[in-house]
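Colleague: First the structure, then my questions, so here it is.
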Amino acid sequence: MSLKQWGVFSVLVCALSSAGVASAADLSVSGHIRPGGACSLALGNGGTFELGTISRKDLKEDEDTYVGPPSLLRISLGVHCQAPTKIALRMLDNRAGTSTSSLAWAFGLGASGGKNVGWYSLWVEQLNGDGKPGLLRQVRKSPESQVWEVPTIGWGWATRVSWLYSWAERGQTLPQAFQDISGELELHTYIAPAKKLDLSQEVAIDGSATVELVYL
């Protein structure tokens, strides 16, 4: 059978089969071919913040207890791309529903004995792009928005859960392409009031988040 005959035969089969079809649905195939190279994300210390052991006597009875100092609770953040690429970071809370704060940037510390342990925030500090220290600014976008915004806060910024965060040179308002980004993630931790915890046993602090690298 020639290629031409095979082609005709296949069309006839489709035509005969279609007579018994009662309904149909469209199928589409989409995607992107991205110029440039892939990017990789690296976190210092294996992505682990170690708070150590906190004594019961160090906890406040009626209000949150701040765990610090922050200068000891930082890990490096690095993004390397094979070519300048527009990307963003998104922080996802793997302990959603356990934060004792309603703030948009509060991540949960897990639960112990049926009680939520507390919350923490992640701040991006000392951001450099392609060897240009101090020239970058934050741009961000909420999950519901299609518009990038520039916060009016200072240099460091707390990441809101599930928001997209990218960077641009000062004076720009949209994400820009960079090949190498470096900075630090700083942890700020708050333990729930002692009266709201079950301290009859050891309480595990179990915060977990995923840092996603998103191509724009």
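All of the numbers you see were taken from the coordinates with simple rules; none came from a lab. Quantities reported herein were computed from a predicted structural model and do not represent experimental measurements. Note that we place each Cβ from the backbone using ideal geometry, even for glycine, and neighbour counts take in every protein chain shown.
Colleague: Would you list which aspartates and glutamates come within 19 Å of residue 57, measuring only between C-alpha atoms, while excluding same-chain residues fewer than 8 positions from it?
Modeller: Cα-Cα hits under 19 Å: 198, 202.
Colleague: Can you tell me the order of 88-100, 45-57 when each peptide is scored by its average per-residue count of other Cβ atoms within 10 angstrom, highest first?
Modeller: On the way: 88-100: 17.6, 45-57: 10.0.
Put in order of decreasing packing, that is 88-100, 45-57.
Colleague: While we're looking at this one, here's another question. By a straight-distance test (C-alpha under 18 Å), which aspartates and glutamates pair with residue 132 as possible cross-link partners, with residues fewer than eight away in the same chain excluded?
Modeller: Residue 132 reaches 169, 180, 184.
Colleague: Calculate the length of the line joining the C-alpha centroid of segment 81-111 to that of segment 184-216, in whole Å.
Modeller: 11 Å
Colleague: Summing Lys, Arg as +1 and Asp, Glu as -1, what charge do residues with Cβ under 15 Å from the Cβ of residue 182 carry, residue 182 excluded? Display every interim value, and only then the final one.
Modeller: On the way: positive: 74, 132; negative: 125, 130, 180, 184, 186.
Charge balance near residue 182 sits at -3.
Colleague: Cα-based Rg of segment 58-215 per 2.2 N^0.38 Å, rounded to two decimals?
Modeller: It is 1.15.
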